[in-house]
Amino acid sequence: MQSRRVVVVDLGTGNLRSVTKAINTVSPNSEVHVSAEPSVIAEADHMILPGQGAIGTWLKQLGPGSELRQAVMNALGSKPVLGICLGLQALYRYSSENGGQNGFDLISGTVKHFSEAKTGFGSGVNQDTRKIPHMGWNRVRHTKNHPLWKDIHDGDRFYFVHSYYADSQDPDQIAGQTEYGITFTSAAAQGNLFAVQFHPEKSQRAGLTLLKNFINWNGVC
Amino acid sequence: MPLAKRIIPCLDVDRGRVVKGTRFVNLRDVGDPVQVAFRYDQEGADEIAFLDITASSDNRDTIVHVVENVAEQVFIPLTVGGGIRTLEDISRLLNAGADKVSINTTAVNNPDFIREASQHFGNQCIVVAIDAKQVVPKPDGSKQWEIFTHGGRIPTGIDAIEWARKMEQYGAGELLVTSMDRDGTKNGFDLDLMGAITSQTRVPAIASGGVGILEHLVEGVIEGGADAVLAASIFHYGEYTVHEAKQYMAQQGIEIRL
């Protein structure tokens, strides 16, 4: 097991303690810093970008021209990065949440509300009506080989809770897909970036395995 | 549909200890919350719910410490309810490691609190708990239910189905529906109540109150339309393990994480 210096970027939303404790559990030798300090981000070996709630509030913490934004952008361009939930959605060009928000545009595609999907969502009381948020344990189908999938079975379940989903444009950037009325990108990968819609820190054994794989990953696929 | 139905063991916590009573009275001590939660996690629980029933509000810190300790060892979603009155209460529980909070009395006293909380934290972490009791049928003979607060002691005069719809509009991300008539009886969920709520709302709903045998869990999903089923005593007293419950539901054709 590698020992790493890991920064969990603190943008004021979400359950950062659980991410930290999960990393402590799978990699007791790693140092985990929950921080929004540009210098701490710069010094870390690995960056985790978690987030829950409204993406507008979350992105506001990364205001244009801020030192924090610059530090995060530098890390996105250089270190192994794991995005979780909003940390996946923010990698896309645009999200329709909160009146429309621009993301980092590192993964091609956009983020939409489940009700914008053309199929699968009836409006009445029929049996096929999908509830929103998509909440619970769903299957993730691997669409490419990746070091972060080591020891995780194709189709293993992870815990999801979200109302917006990523609609990827470039199939090469999709690492995993999940069905919920539609098929959406539940894991995206591009170079040193790996991002998941689900919560590995809340996904028991499969989630802890993914976090361990991330700590051991050198950012190359 | 690949999304699994969830099984949620519920721990009633009084001054830092897990207790269980019948219809909210006759409490018995059943253990240390960290040990009990860890065992359920290892048995395959999909989520764990904590209901803080500590009578005194002086002990708010106790439940926060319980959540912190559990969240260090248990990596599945944790829902915490009981005595939540302010955004600060929610914030402390989420920072301690809770994923969702469930709110009952404060929502009834001030429905706008649910709107504020869901705007502030996102509706994914705001669960509205509805404690309902059947009352005299409507003139047309159809059943109706009234909601109660303060752990089932105080009637409100509010219709449970209308309340569920209103709370969805106000931003509840999930509904936790407990039948006060069935709670602790082991006679099964109030399926008419569940069915009425799940057919008229579009957020996930958890069925609670009355589980005595595994078939009741199946009924909650198939007849009640529940997305998740919550039970306490059948698991606490070792009548069934969570794993046995999940295997049984899977054998009945329900999508389950095994």
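Before moving on, here are some points about what is shown:
- Extreme residue, farthest from B:Gly151 (Cα to Cα), among residues of the range B:68-125 that are touching a strand residue (DSSP E or B) at 6+ places or on another chain (Cβ under 6 Å) and of a type in the set (D, E, K, R): B:Asp99
- Tally of residues being modelled with pLDDT under 95 and either within 13 Å of another protein chain (Cβ to nearest Cβ) or open to solvent by less than 40 Å² (accessible area, probe 1.4 Å) (or both) across the range A:1-18: 9
- Flag if A:Leu68 is in contact with an Asp or Glu (Cβ under 9 Å, 6 or more places away or on another chain), within 30 Å of B:Arg92 (Cβ to Cβ), more than 14 Å from chain B (Cβ to nearest Cβ) and modelled with pLDDT of 95 or more: yes
- Filter result for B:Gln119 (modelled with pLDDT of 95 or more and open to solvent by 40 Å² or more (accessible area, probe 1.4 Å)): no
- Restricting attention to the range B:229-258, the residues being assigned to a helix (DSSP H, G or I), over 20 Å from B:Val177 (Cα atoms) and at pLDDT below 95 number 1.
- Residue match in the range B:247-256 (condition: more than 15 Å from the chain's Cα centre (by Cα) and surrounded by 20 or more Cβ atoms within 10 Å (Cβ to Cβ)): yes
- Only listed residue being under 16 Å from A:Ile132 (Cβ atoms) and of a type outside the set (Val, Ile, Thr), chosen from B:Arg182, B:Arg165: B:Arg165
Conditions tested, residue by residue: (1) closer than 22 Å to B:Gly122 by Cα; (2) out of contact with any Gly (no Cβ under 6 Å at 6 or more places or on another chain); (3) at pLDDT 95 or above.
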| residue | (1), (2), (3) |
| --- | --- |
| A:Ser27 | no, yes, yes |
| A:Lys60 | yes, yes, no |
| A:Pro80 | no, no, yes |
| A:Gly122 | no, yes, no |
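- Test: residue in the range B:75-82 that is open to solvent by less than 10 Å² (accessible area, probe 1.4 Å), farther than 19 Å from B:Ser233 by Cα, more than 11 Å from chain A (Cβ to nearest Cβ) and not acidic (Asp, Glu): no
- Considering residues of the range A:63-87 that are of a type in the set (A, V, I, L, M) and in contact with a Phe, Trp or Tyr (Cβ under 9 Å, 6 or more places away or on another chain) only, the residue surrounded by the fewest Cβ atoms within 10 Å (Cβ to Cβ): A:Met73
- Of all residues making up the range B:83-98, the number that are within 12 Å of another protein chain (Cβ to nearest Cβ) and either open to solvent by less than 10 Å² (accessible area, probe 1.4 Å) or modelled with pLDDT of 95 or more (or both): 5
- When the range B:181-228 is filtered for residues that are farther than 18 Å from B:Ile7 by Cβ, open to solvent by less than 20 Å² (accessible area, probe 1.4 Å) and either of a type in the set (Lys, Arg) or outside any helix (DSSP H, G or I) (or both), the ones remaining, listed by number, are B:Asp190, B:Thr201, B:Val203.
- The strands (runs of 3 or more DSSP E) falling completely within the range A:148-221 that include 1 or more residues that are more than 14 Å from chain B (Cβ to nearest Cβ), acidic (Asp, Glu) and open to solvent by 20 Å² or more (accessible area, probe 1.4 Å) map to A:164-168.
- Within the range A:19-31, the set of residues being within 13 Å of another protein chain (Cβ to nearest Cβ) and surrounded by 17 or more Cβ atoms within 10 Å (Cβ to Cβ) comprises A:Val19, A:Thr20, A:Lys21, A:Ala22, A:Ile23, A:Val26.
- Counted residues, the range A:135-147 - those being within 14 Å of chain B (Cβ to nearest Cβ) and of a type outside the set (Phe, Trp, Tyr): 6
- Selection within the range A:44-58 - open to solvent by 20 Å² or more (accessible area, probe 1.4 Å) and over 18 Å from A:Val161 (Cα atoms): A:Asp45
- Pairs meeting the criteria (first residue in the range B:142-157 and farther than 10 Å from B:Asn104 by Cβ, second residue among the polar types (S, T, N, Q) and open to solvent by 40 Å² or more (accessible area, probe 1.4 Å), beta carbons under 6 Å, at least 6 apart or on different chains) are B:Trp145/B:Gln134.
- Residues satisfying the stated conditions in the range B:170-180, i.e. open to solvent by less than 10 Å² (accessible area, probe 1.4 Å) and not in a loop (DSSP other than H, G, I, E, B): B:Glu174, B:Leu175, B:Val177, B:Ser179
The values are calculated or read from the model by the stated rules, or taken from the named source; none is laboratory data. No experiment lies behind these values; they were computed from the predicted model shown. Here the Cβ is made from the backbone with ideal geometry for all residues, glycine too, and neighbour counts use every protein chain on show. We work out accessible area using only protein heavy atoms, side chains counted, and drop any ligands, DNA or RNA first. Shrake-Rupley method; radii C 1.70, N 1.55, O 1.52, S 1.80 Å.
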